[in-house]
Amino acid sequence: MSTVHNVIIIGSGPAGYTAGLYSARAMLEPLMFAGYMSGGQLMLTSDIENFPGYPKGIGGPEMMMELREQAERFGLEVRDQNVESVDLSQRPYKVIVEGETFLTHAIIVSTGAESIWLNAPGEDEQKGRGISTCATCDGAFFKNEEVMVIGGGDSACEEATFLTRFASKVTLVHRRDVFRASTIMIERASKHEKIEIKTFRQVKEWLSDEKGLTGAVLEDPRDGTTENINVTGAFIAIGHKPITGFLGGQVEVDKEGYIIHKKHTMTSVEGVFAAGDVVDTRYKQAITAAGMGCQAAIDVEKWLEDQH
Ligand code: NAP
């Protein structure tokens, strides 16, 4: 409790590890709380094809392990624990982890975001059974079965394409006929022989029997007409929400819960910085998160210098 750290980094995706790398190389002896599931969302991603420097692509978990190893080589201390809460009422700030209190001059929040669920009737009973938000984690359970993916963004296209490795058929269900997904991702999905795309459909209700998921009632949002789809697996890929609950409302966020930057990467609280998907309402890429992690580490270094 008596040691006051220079900087504690909370969260361990590309933003956190890059912040860790830069602040370790700046001799700030950073401490990171990586969470029980360290590595963030990219641990649930199959192939990363758009991070510069990997011409053949790289697996998400592999990249996260390499980022961690690189930061640790320069002295980042990583603990695979979740932060329960923080006390930002006075400096040094308090970070509470499993009942233990850590003191720090600066904090970088890089906790990222978590999947949003549809919350359609019947969903709760099938969560973690027939209905998932992670194809990489659960896709292999649906070998030779028919599955559906809900969403019109890059995640939905990526999940649909990934699921063709296991499923006999993948139906991609989107509520409009315009896709947010990048052209290459939607083209890849639409050309795949195992993927059928259904537009203007949204899940009205999930259907199941004693064995598990059997399908869903799909509704056309334009006129309310419905049809049933038979699937034993469903993957919801409708976006993410930022993880900020542990901040207890002490840092200003926007109406969707994203942390707001006030000066460069500093938040509304002096000495508390934020980087990556917990801030980013627009780009949400591994490369932009890593870039912002670098910016946050440099901002912390300069801010700490100004304190003396
Ligand atoms: P996203 O781009 O926000 O797309 C979410 C999709 O879900 C949208 O098509 C949206 O429909 C739909 N949706 C939202 N709420 C819904 C609801 N209640 N019912 C039905 N549909 C709903 O989210 P994302 O696909 O997770 O991507 C997030 C970010 O990560 C993006 O910036 C993306 O580029 C990035 N990403 C990149 C890669 C890659 O480059 N390999 C892979 C995955 C994600 P509407 O369009 O109608 O709003």
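The values are calculated or read from the model by the stated rules, or taken from the named source; none is laboratory data. Keep in mind that what you see is a predicted model, and the values were worked out from it rather than measured. In this analysis, Cβ positions are derived from the backbone assuming ideal geometry, glycine residues included, and neighbour counts consider all displayed protein chains. Ligands, DNA and RNA are stripped out before the accessible areas are found, and what is left, the full protein with its side chains, is counted by its heavy atoms. Shrake-Rupley method; radii C 1.70, N 1.55, O 1.52, S 1.80 Å.
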Among (1) surrounded by 21 or more Cβ atoms within 10 Å (Cβ to Cβ); (2) at pLDDT 95 or above; (3) over 12 Å from ALA234 (Cβ atoms) - the single one VAL149 does not satisfy: (3)
First in segment 138-161 and over 13 Å from ILE197 (Cα atoms) and among the charged types (D, E, K, R), second anywhere and near the ligand (Cβ under 8 Å from one of its atoms) and open to solvent by 60 Å² or more (accessible area, probe 1.4 Å), Cβ under 8 Å, 6 or more apart: ASP154/ARG180
Filtered residues of segment 222-273 (kept if open to solvent by 70 Å² or more (accessible area, probe 1.4 Å) and over 30 Å from ALA135 (Cα atoms)): ASP223, GLY249, GLU252, LYS262, LYS263, HIS264, GLU270
Criterion violated by HIS105 - all others in (1) open to solvent by 70 Å² or more (accessible area, probe 1.4 Å); (2) out of contact with any Pro (no Cβ under 7 Å at 6 or more places or on another chain); (3) modelled with pLDDT of 95 or more satisfied: (2)
Tally, over segment 223-253, of residues that are away from the ligand (no atom under 13 Å from the Cβ) and either under 22 Å from the mean Cα position of the chain (by Cα) or not in a strand (DSSP E or B) (or both): 17
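Matching residues to (1) touching a helix residue (DSSP H, G or I) at 6+ places or on another chain (Cβ under 7 Å); (2) not hydroxyl-bearing (Ser, Thr, Tyr):
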position	(1), (2)
SER12	yes, no
ALA19	yes, yes
GLY60	yes, yes
GLN90	no, yes
Test result for GLN202, open to solvent by 60 Å² or more (accessible area, probe 1.4 Å), at pLDDT 95 or above and over 30 Å from SER110 (Cβ atoms): yes
Subset tally (residues that are surrounded by 15 or more Cβ atoms within 10 Å (Cβ to Cβ) and either under 20 Å from the mean Cα position of the chain (by Cα) or within 18 Å of TYR36 (Cβ to Cβ) (or both)) for segment 86-101: 3
When residues of segment 14-41 are limited to those that are within 15 Å of the ligand (Cβ to nearest atom) and within 15 Å of GLY291 (Cβ to Cβ), the one surrounded by the most Cβ atoms within 10 Å (Cβ to Cβ): ALA15
